[in-house]
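Student: A single structure is presented below for examination.
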Amino acid sequence: MNPEEAQKTIEDLRTELRAADRAYYVDAAPLMSDRAYDETLTRLAELERAHPQFDSDDSPTKRVGGEPIDRFETVPHARPMLSIDNTYNEQGVRDWCARCKKALGDDDPTFVLDVKIDGVALSLRYEHGTLVRALTRGDGQRGDDITANVRTIRAVPLTLQGQAPDVLEVRGEAFIPNDEFRRINKEREAAGDELFMNPRNTAAGTLKMLDSSVVASRRLGFIAHGRGEVSDQSFVASHTEWLDALRSFGVPIGETVTCATADGIVETIDAWRAKAAELPYMIDGVVVRVNDFAQQERIGYTSKSPRWCIAFKYPAERAVTTLIDVEHQVGKTGKITPRAIMEPVLVAGTTVQHATLHNYGQVRKRGVRIGDAVIIEKAGEIIPQVIEVADPDAKDRSKRPTVQPPNVCPVCASPVEIEPEEAHDDPLLETARRCINPECPAQMREKLVWFCGRKQMDIDGLGEKSIDQIRGTEGIPLEHFADIFRLHEHRDALLALDRMGEKKVDNMLEGIERAKSRGLARVLAGMGVRHVGDVTARALARRFRDLDELMNASEPELRPKTLNKTDALALGFSGEMTDRPTTGLGKDTAPVVHAYLHSDAAKATFGALRDAGVDLSSKDFQEDAGEVESAVSGKTVVITGSFDAYTRDELTEWLTSLGAKVTGSVSKNTDLLIAGEKAGSKLSKARELGVEVWDDAAMLDALGEPPASNG
């Protein structure tokens, strides 16, 4: 295909895909199936790669997500994103209507109603018809710039159709459709991951991810409902005209109903409540507005919300059923979660048999016992939750068995870590119980992917897709870390796999062979041992010359800092203990790491790695290393912005080696902020608190040059 033909085909495919997006999200009249859409998108992507001169920022292919970003900038809203006052009863609606009519005198208002989607409020800014910025609500005055993530939402047009004002800010709600939420949780369940609790929280967490490709995979939706800054305020005079204009520009809007009386509003609220379960997204109420913009301005605002708008919130839908049993689920991070198994019951339009109990602290707080009648709630929750016991005074209830939190992993029987807050007398302060075995089968797939990553064992060619492909092939074992280093025994079987040519397989096997000599720090960091990241792993490797020495260390020897002589002697060590560097572990984390290192699972894992030829000696050991003295010794340091010569991870490791404690957020306890290019809110907060700030030059002047990365 010559360049002229390619350009025309590319433009035709883009036009076809944009029309399909509008038909699906705006007109509710799909033009093509999902498969046809994906095939068309794939063809367009191939043509764009072959003809990069025709690249365009508003191409539908840009919605798949780009390179992960480092952080989000906080940006002021052009117009504040105010909250909406709530009411929970009919009388509250009638009183609000009366106040609006009183403020307008003889000028009777018309009211516009739309469902209150349980999602995430966004502000989309278009300039000359092009999406230039997407902000979260934040505190109403400032929000996080999540433009890269919002660009992946197919329902959000990257360019507006028709003649829009030069500046047009669209306020609306991003959400995960119910079908997509079920799909995501089904995939997570199949992978052994923890299930997401509800679409709203999942959408909020998704939009704040730093990797926009993950956001794209979640298939969020968007529906507009309000306005921010508009350069031509006169082009529409009412909310209904505003929505009509947005629809003509290709922005999706929701269903609305217009009423003239309080009776009509109440009837509409009741009607929408009856069909809430049929909607494609979760709702938690109805929003009622005065339609005319001039009337809105006459009614006015409070400091926090408009007086011309109110939200009616639906009460939670609940049901009573019997708790049959509690199962203990292990997620990919090792977190163990109690899940209720109940007598099937109909709630919010669906039959449910399982509900979350959140954590074992909540189980204790509610006093749940097997056989109890329990109240479950599904207010905006696709996965129900147990709210309370319905029969706390039932006869002989004390004889029912209590729910016992597991002290070993229910999957692999390895030790369980009880995070410090869970042991507190107040169950509300509980966080989690976790299996600390990195080779637990419930976690192993994610662990293998992490182990092979660039910052860990750096095995080129053995990424997520390759690992999934190999693990899905009978006859090639890949269930444990050591199995990676035996893949050379299955070279012929690897060559038989789809898209596994001889060069790719040999490069992978060469990468595996090189990884054997990475050393103790990289192995520890790659295994995903709880509380042992790359910085702590390197610190341990500086202190212990090999795995055997690490395994022989007592728990106090893994403590966080170099001991003074008095403390060392009190613990039964000689003064030589004071000549060893920090390990990076604390009084709560050192016992957890020590318990894992001496568990049967750890011994089996390290033994298998050693048998497979993996070098478990330290490449970082420092003989006679003493207490670090530097300009940052003992200081709490925060790093922000970007640096040309090194990554923030490399800086973190270097500063830690110089005796600093590096944290992620600025507070009154912060001693120093090191600010690179494009430093944002952390720099502002540091200045407000009077924290000392160094730029790149000041850091190098005080500390010298960082060592070259050995990654």
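Student: Using a 1.4 angstrom probe on heavy atoms only, work out the carbon and sulfur share of the accessible area of the chain in %.
Tutor: Whole-percent figure for carbon plus sulfur exposure: 48.
Student: Classify the range 329-414 as rounded, prolate or oblate, taking a ≥ b ≥ c as the square roots of the eigenvalues of its Cα gyration tensor: rounded when a/c is under 1.5, otherwise prolate if a/b is larger than b/c and oblate if not.
Tutor: Judged from the Cα gyration tensor, the range 329-414 comes out oblate (a/c at least 1.5, b/c at or above a/b).
Student: Accessible area per residue of the range 457-505 at 1.4 Å probe, in Å²?
Tutor: 57
Student: Something else about it: Please compute the net charge surrounding D546, taking Lys and Arg as +1 and Asp and Glu as -1 over other residues with Cβ under 12 Å from its Cβ.
Tutor: Taking every Cβ under 12 Å from that of D546, the sum is 0.
Student: Please turn the phi angles of the range 16-23 into ³J(HN,Hα) values with the Karplus equation 6.51 cos²θ - 1.76 cosθ + 1.60 (θ = phi - 60°), one per residue in order, whole Hz, x for glycine and proline.
Tutor: With coefficients 6.51, -1.76 and 1.60, one gets 5, 6, 5, 5, 5, 4, 5, 4 Hz.
Student: Separate question: Amide H neighbours of R133 under 5 Å, at least 5 residues apart or on other chains, H built in the peptide plane: list them.
Tutor: Under 5 Å from the amide H of R133: R125.
Student: Taking the Cβ of E173 as the center, what net charge do the other residues with Cβ under 13 Å away carry, scoring Lys and Arg +1 and Asp and Glu -1?
Tutor: Details: positive: K116, R137, R171, R200; negative: D114, D118, D284.
Taking every other residue near E173 into account, the sum is +1.
Student: Run the reach check for K313 against aspartates and glutamates, Cα to Cα strictly under 16 Å, same-chain hits fewer than 8 apart removed. What comes back?
Tutor: The qualifying aspartates and glutamates are D85, E90, D95, D114, D118, E267, D270, D284, E377, E381.
Student: Over the chain, what is the relative contact order in percent, taking alpha-carbon pairs closer than 8 angstrom and at least six residues apart?
Tutor: Relative contact order here is 9 percent.
Student: Dipole of the chain (Lys/Arg Cβ +1, Asp/Glu Cβ -1, origin at the Cα centre): which of L346, V112, V150 lies farthest to the positive side?
Tutor: Value: L346.
Student: Before rounding to the nearest 500, sum -39500 (n - 2.57) across all DSSP H runs of length at least 4 in the chain and divide by the residue total; then give [θ] at 222 nm in deg cm²/dmol.
Tutor: On the way: 25 runs with 243 residues, N = 711.
Computed ellipticity for the chain at 222 nm equals -10000 deg cm²/dmol.
Student: With the contact rule set at Cα under 8 Å and sequence spacing of 6 or more, what percent relative contact order holds for the range 292-374?
Tutor: Once divided by the residue count of the range 292-374, the mean separation gives 26 percent.
Student: Which cross-chain or sequence-distant (5 or more) residues have an amide H under 5 Å from the amide H of R545, H modelled 1.01 Å from N in plane?
Tutor: Residues meeting the criterion, in which the H sits 1.01 Å from N, do not exist here.
Student: What GluC sites (Glu not before Pro) does the range 471-516 have in DSSP loop regions with at most 10 other beta carbons within 10 Å?
Tutor: E474
Student: For a 21 Å ceiling on Cα separation, which of these pairs sit above it: K208/K304; K455/K619; K62/K186; K208/K668?
Tutor: K208/K304; K62/K186; K208/K668
Student: Additional query: Could you pull out the longest piece of the chain with no exposed loop chymotrypsin sites (Phe, Trp or Tyr not before Pro) in it, calling a site exposed if DSSP puts it outside H, G, I, E, B and it has at most 16 other Cβ atoms within 10 Å?
Tutor: That would be 236-711.
Student: About the Cα centre, and with charges only on the beta carbon of Lys, Arg (+1) and Asp, Glu (-1), how big is the dipole of the chain? Nearest 20 debye, please.
Tutor: I would put it at about 1200 debye.
Student: How large is ³J(HN,Hα), in whole Hz, for each residue of the range 107-123 in order, when computed from phi with the Karplus curve 6.51 cos²θ - 1.76 cosθ + 1.60 and θ = phi - 60°, using x for Gly and Pro?
Tutor: Values per residue, Gly and Pro as x: 8, 5, x, 10, 10, 10, 10, 9, 5, 8, 5, 8, x, 10, 6, 10, 10 Hz.
The values are calculated or read from the model by the stated rules, or taken from the named source; none is laboratory data. Because the structure is predicted, anything quoted here is derived from the model rather than measured. Note: ideal-geometry Cβ built from the backbone for every residue, glycine included; neighbour counts use all protein chains shown. These area figures cover heavy atoms from the full protein model, side chains too; ligands, DNA and RNA do not enter into them. Shrake-Rupley method; radii C 1.70, N 1.55, O 1.52, S 1.80 Å.
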